[in-house]
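To start, the structure itself, in structure tokens.
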Amino acid sequence: MNLQDSVGILAGIGPKKIAALATLGISTIQDLLLNFPFRYEDFASKSVYDLVDGEKAVLVGQVVTEPVVNYFGHKRNKLTFKIKQEDAVISVSFFNQPYLKDKVAANYETMIFGKWDDTRKALTGLKILGAKFQAGDFQGVYHTNKHVKQSELEKWVRQALDLGYSELFQEILPIDLLKRYRLMSYSQAVSALHLPNSEAEYHQAGRRMKYQELLLFQLQLQSIRYQDRQVDSGLTINYSNEAVAQLIAILPFSLTVAQNRVLEEILADLKSPFHMNRLLQGDVGSGKTVIAAIAMYASHTAGFQSALMVPTEILAIQHFESLKALFGNKIQIARLTSGMKAKEKQQILAKIADGQIQMVIGTHAIIQEAVSFSNLGLVITDEQHRFGVNQRKIFREKGQNPDVLMMTATPIPRTLAITVYGEMDVSIIDELPAGRKPIQTRWVKHQALPKVLSWLEVELNHGHQAYFISPLIEESEQLDLKNATELFEELSQFYTGKARVALLHGKMKNDEKEAIMQAFKAHQIDILVSTTVIEVGVNVPNATVMVIMDADRFGLAQLHQLRGRIGRGEAKSYAVLVANPKTKQGKERLTIMTEVSNGFVLAQKDLEMRGAGEVFGLKQSGLPEFLVADIVNDNNILETARQDAEKIWQIKNWQARTEFQGLFKSLNESKQSIFD
Ligand code: ADP
Ligand code: MG
């Protein structure tokens with residue numbers, strides 16, 4: 001007997017069922033037994049007097065009428081009979097399962113699982129368990145598909161457990177940990193998750209499996225961290241202190257305390273022989289770009305190339321322009337985007353390969369295309385939350401294992417940070433440059449738009465500029481464009497002779513986008529009408545007004561990012577949210593926006609309102625799918641597993657110690673799965 005035995009050894013599983021199970025990813029007994037129920041039904045029989053309306057429960061009673069099937073037209077029918085429990089007579093009906101009639105007979109006792117309707121004092125039957133039903137009181141419910149039925153999975157799992165297969169799951173957790181957290185054994189947990197005897201038992205079994213799963217995951221992250229700290233893991237970027245100091249001295253502002261602190265952390269990483277793997281968090285407008293620029297400059301002074309990767313073409317254009325403005329002709333800087341002409345791209349690629357180009361700014365093109373660097377020392381991603389987690393792995397494999405800095409404005413609650421970015425060091429800019437005035441945020445109804453437009457005229461007359469964001473139509477670039485175009489036409493008409501209005505959207509060619517952005521920056525445009533293409537990163541400090549149309553369609557994080565486009569200079573800025581929300585959540589979001597300006601608080605609210613999967617795009621993030629753990633709800637276990645994993649890695653040569661053999665082996669087996 002072996003856990004790798006094919007499910008075919010179970011009675012009732014032939015080639016057809018083997019193929020069917022394969023559609024659920026199950027081919028061995030181990031797969032079958034690690035395919036845990038995703039919820040449980042309480043099959044303890046209940047007294048009818050204890051049931052509440054809508055509750056699903058098991059009732060045992062004596063059948064007191066002959067079962068009758070009534071047909072209504074084609075295919076629809078209803079089986080009805082009555083059962084007596086204590087002194088109550090309950091009517092039971094099953095829809096479209098006429099064959100169940102043979103399973104009940106007057107005067108016999110039966111056991112029925114169904115849904116209770118308290119007003120009609122009736123049970124809508126879901127399942128006849130029969131008098132002989134004797135599973136544990138809790139029945140697991142499995143994910144099924146059209147090839148495999150719930151009842152089949154129940155049957156086969158039970159068979160495998162009866163044959164003793166669960167005993168073959170050898171303990172992998174050290175005895176110390178089992179004792180400390182009073183965890184049940186691996187084999188016991190596997191069995192109890194399928195056939196628990198009580199609610200408490202499946203909770204305990206779940207707790208053990210979650211801990212195991214999260215501990216292994218954290219050990220993997222720690223192993224990456226550990227590798228990063230090996231002396232020969234990275235590059236030693238011996239930058240010139242004086243050159244860096246000179247650059248900082250010519251900046252038009254002095255760095256904030258927080259900027260100085262994170263810069264020191266980053267520079268120390270560059271100089272060390274270790275591999276840098278650092279996340280830089282800082283709210284919108286906190287000044288991350290200049291930190292990136294200084295770090296890139298530092299690696300340049302040590303003779304290394306650097307790359308800055310951004311999620312949008314517009315941001316690529318902007319960063320390219322600001323780096324050029326900062327470094328002039330001293331450094332060869334290139335832009336690399338997917339929209340580029342083939343010939344131009346060829347030339348740039350050649351110059352990157354032979355080292356003539358020292359800094360590259362680009363979108364995904366930087367990692368997607370066959371870009372080879374002659375001497376890549378540092379890779380930075382801006383707006384990291386827009387990139388999938390798996391991209392981090394690609395960087396590791398690029399160049400000579402360059403140092404990596406990832407920047408994000410999305411504040412991540414700790415429990416998520418240690419999961420999503422668990423293998424990284426974190427630097428935080430927790431301060432805005434001096435002199436920033438808080439942005440005033442107003443929510444107005446559509447009817448008030450004419451007033452907003454007149455008020456805006458005054459603001460424009462003071463020499464400021466404004467953004468108008470057109471409504472977001474999910475997954476329809478066509479409609480987004482239509483909306484933006486209409487808004488543009490309306491505003492052009494309203495402001496004829498008073499203000500210069502321009503339109504920007506994602507469908508434009510790169511050089512068109514570039515021309516518009518330049519003109520807006522140079523204040524040749526007063527009002528920029530745009531789709532959400534400007535959501536992240538765009539920096540025009542003279543723009544002080546952000547009007548967001550149908551603002552209730554945007555999530556909190558998105559609204560915060562959009563609002564982050566203003567309040568970047570010293571003049572007072574205003575965000576105007578125009579919306580007539582129909583839903584309660586829509587209203588709530590808008591109210592929160594008018595009250596909260598701190599990105600961290602907003603992120604927390606967003607998380608509460610939408611859940612982590614939505615907020616952080618975890619589904620697309622490339623994180624491993626956990627069998628039992630849930631990284632949001634199981635944050636206590638996650639935190640514990642994190643600490644334990646760190647401690648284990650601190651034990652010298654732990655991989656060689658007997659008590660850790662099980663863990664080490666499992667770690668090696670699962671190593672491939674992370675970030676694939
Ligand atoms: P973000 O962190 O959102 O990427 P940016 O790097 O775009 O922010 O910076 C926002 C604005 O603040 C830019 O105009 C930038 O020049 C300016 N800035 C950055 N650091 C400072 C500072 N220490 N003092 C004053 N202004 C600063
Ligand atoms: Mg930025």
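Points to keep in mind about this one:
- Within the stretch 216-248, the set of residues being outside any loop (DSSP other than H, G, I, E, B) and either aromatic (F, W, Y) or touching a Lys or Arg at 6+ places or on another chain (Cβ under 9 Å) (or both) comprises F217, Q218, Q220, L221, Q222, S223, I224, Y226.
- Residues of the stretch 618-654 that turn out to be more than 14 Å from K210 (Cα to Cα) and either modelled with pLDDT under 70 or among the hydroxyl-bearing types (S, T, Y) (or both), as a count: 6
- Only residues that are on the phi > 0 side of the Ramachandran plot and not charged (D, E, K, R) were counted in the stretch 62-93, giving 1.
Every residue, every condition in (1) at pLDDT 95 or above; (2) within 16 Å of ligand 1 (Cβ to nearest atom); (3) among the acidic types (D, E), yes or no:
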{"site": "Q220", "(1), (2), (3)": "no, no, no"}
{"site": "I224", "(1), (2), (3)": "no, no, no"}
{"site": "R229", "(1), (2), (3)": "no, no, no"}
{"site": "Q246", "(1), (2), (3)": "yes, no, no"}
{"site": "A258", "(1), (2), (3)": "yes, yes, no"}
{"site": "V262", "(1), (2), (3)": "yes, yes, no"}
{"site": "N277", "(1), (2), (3)": "no, no, no"}
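- Spans of strands (runs of 3 or more DSSP E) in the stretch 262-342 with at least 3 residues aromatic (F, W, Y) and more than 20 Å from A243 (Cα to Cα): none
- Scan the stretch 213-245 for residues that are within 19 Å of V379 (Cα to Cα), among the charged types (D, E, K, R) and surrounded by fewer than 17 Cβ atoms within 10 Å (Cβ to Cβ) and the total you get is 2.
- Test: residue in the stretch 493-504 that is among the hydroxyl-bearing types (S, T, Y) and assigned to a helix (DSSP H, G or I): no
- Filtered residues of the stretch 145-170 (kept if surrounded by 14 or more Cβ atoms within 10 Å (Cβ to Cβ) and assigned to a loop (DSSP other than H, G, I, E, B)): H147, V148, L163, F169
- Within the stretch 513-566, the only residue that satisfies the criterion of being acidic (D, E), under 23 Å from the mean Cα position of the chain (by Cα) and either more than 18 Å from K587 (Cα to Cα) or assigned to a strand (DSSP E or B) (or both) is E535.
- Listed by first and then second residue, the pairs linking a residue in the stretch 487-499 that is under 14 Å from E457 (Cβ atoms) to a residue that is of a type in the set (K, R) and loosely packed, with under 13 Cβ neighbours inside 10 Å, with Cβ atoms under 8 Å apart and 6 or more places separating them unless they lie on different chains, form an empty list.
- Restricting the stretch 518-535 to residues that are within 16 Å of ligand 2 (Cβ to nearest atom) and surrounded by 24 or more Cβ atoms within 10 Å (Cβ to Cβ), the residue that is modelled with the lowest pLDDT: E535
- For the stretch 261-283, the count of residues that are surrounded by 20 or more Cβ atoms within 10 Å (Cβ to Cβ), in contact with a helix residue (DSSP H, G or I) (Cβ under 6 Å, 6 or more places away or on another chain) and within 26 Å of A571 (Cβ to Cβ) is at least one.
- The residues listed here are N96, N107; of these, the one that is under 44 Å from the mean Cα position of the chain (by Cα), on the phi > 0 side of the Ramachandran plot, modelled with pLDDT of 85 or more and polar (S, T, N, Q) is N96.
- Those residues of the stretch 19-44 which are within 30 Å of I112 (Cβ to Cβ), in a loop (DSSP other than H, G, I, E, B) and of a type in the set (A, V, I, L, M), in sequence order: L24, A44
- Condition check for A200: surrounded by 19 or more Cβ atoms within 10 Å (Cβ to Cβ) and among the small types (G, A, S): no
- Put simply, of K84, K78, K115 the only residue that is of a type outside the set (A, V, I, L, M), in contact (Cβ under 8 Å) with a residue 60 or more places away in the chain and in a strand (DSSP E or B) is K115.
- Residue-level check: of (1) on the phi > 0 side of the Ramachandran plot; (2) within 16 Å of ligand 2 (Cβ to nearest atom), G599 misses just (1).
- Restricting F133, F138 to residues that are in contact with a Pro (Cβ under 8 Å, 6 or more places away or on another chain), at pLDDT below 85 and within 20 Å of P196 (Cβ to Cβ) narrows the list to F138.
- Subset of the stretch 9-58 (residues that are surrounded by 11 or more Cβ atoms within 10 Å (Cβ to Cβ) and among the acidic types (D, E)): D31, E41, D42, E55
- Hits in the stretch 88-132 - residues which are in contact with a Lys or Arg (Cβ under 6 Å, 6 or more places away or on another chain) and within 20 Å of D50 (Cβ to Cβ): V89, S91, F113, K115, T124
- For K451: the one exception among (1) in a helix (DSSP H, G or I); (2) within 21 Å of T485 (Cβ to Cβ): (2)
The values are calculated or read from the model by the stated rules, or taken from the named source; none is laboratory data. All values reported here derive from a predicted model rather than from experimental measurement. As a convention, Cβ positions derive from the backbone with ideal geometry for all residues, glycine included, and neighbour counts pool all protein chains shown.
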